[in-house]
Amino acid sequence: MDPYDADEALGDACLVMYQRWEKIQAHPKPVVLARYILKCKIQDFRRARARRAVREEVFAHPPEIHYLQEMGEQDLLSRALEALREISPQQADCWEMHKVLGKEYSEIAEELDIIIGAAKTAASRGQAKLRTLLTLELETKDS
């Protein structure tokens, strides 16, 4: 863990300790409880960072050329997908991974660290929101 990450994890732990200061002082071993809180916050920080790294890695690779050509022809879909990504990134990711990249829900769930049901729901809701956003895009384009 680099010094900046350690500083952030320590800051989170200090905030929790400050919020629970009376409970810590009332504990028979306050130093032990404070160290436990610090340990838990470091674990939380590392887990969150690992989830972000996996998610960033999934989208860090450039898309294939045929995908870019298809998306170039679908400017409305591209703008609607970007709007969905701002509203609900997980739904956009699940929809894109399932519909565009052709991944199974089990693969999506594993890559995004969610359950399979959540991947299915997010993809379905993402599709419904995309339809609405596309309709809005067409209405604004026509007017």
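Read the figures in this text as sums done on the coordinates, not as results from a lab. Just so you know, these numbers come straight off a predicted model, no measurement behind them. Here Cβ is always computed from backbone atoms with ideal geometry, including for glycine, and neighbour counts include all displayed protein chains.
Cβ-Cβ distance of ARG47 and TYR4, R₀ of 22 Å, FRET efficiency by 1/(1 + (r/R0)^6): the value works out to about 0.80.
Inter-label distance, LEU136 to VAL32: 5.5 nm, where each label sits 7 Å from its Cα along the C-beta direction. Straight-line cross-link reach from LYS120 at under 30 Å between alpha-carbon atoms covers these lysines, not counting any fewer than eight positions away in the same chain: LYS99, LYS103, LYS129. Across segment 89-143 the C-alpha pair distances fall into 5 Å bins from zero in the proportions 5, 22, 27, 17, 10, 8, 6, 3, 1 percent.
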